[in-house]
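I have placed the structure first, in the form of structure tokens, so that the comments after it can refer back to it.
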Amino acid sequence: MLRKINAQSQQGHVDADPFTQSQDVDLSWINTLAVRRDVKSANFYTVSLGDDISQFKVAIQLTVLKQGNSFKIAAIRSFKYKKY
């Protein structure tokens, strides 16, 4: 995943955070971070976070693979951004 993001960045295709699709971030978002495993599919997780000030919520579905003793994001399955 990092190789793909770096390649896109070098080609000028990344102008925002590749996960949240936002140009600004705030440490307070960590308070709304939630990670849920998809019980129907192995290696799939949904990560969500939100911001009360700008009233957005992001839900990202990820493919996560174990490499050695750690886990790495292999791919972004889908991405949903909405105002609430």
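Having 1 or more residues that are at pLDDT 80 or above and open to solvent by 100 Å² or more (accessible area, probe 1.4 Å) is the bar; report the strands (runs of 3 or more DSSP E) wholly within segment 8-84 that clear it.
Working: elements: 34-37, 44-51, 56-67, 70-83.
Qualifying strands (runs of 3 or more DSSP E): 34-37, 56-67, 70-83.
Out of Ser48, Ser41, report the one residue that is out of contact with any strand residue (DSSP E or B) (no Cβ under 8 Å at 6 or more places or on another chain) and of a type in the set (Gly, Ala, Ser). Full working, then the answer.
Numbers: Ser48 fails: out of contact with any strand residue (DSSP E or B) (no Cβ under 8 Å at 6 or more places or on another chain).
Result of the check over Ser48, Ser41: Ser41.
The values are calculated or read from the model by the stated rules, or taken from the named source; none is laboratory data. Note that the structure is predicted; figures quoted are calculated from it, not measured. So basically every Cβ, Gly included, is an ideal-geometry build from the backbone, and we count neighbours across all protein chains shown. Surface accessibility is based on the protein's heavy atoms, side chains included, excluding ligands, DNA and RNA. Shrake-Rupley method; radii C 1.70, N 1.55, O 1.52, S 1.80 Å.
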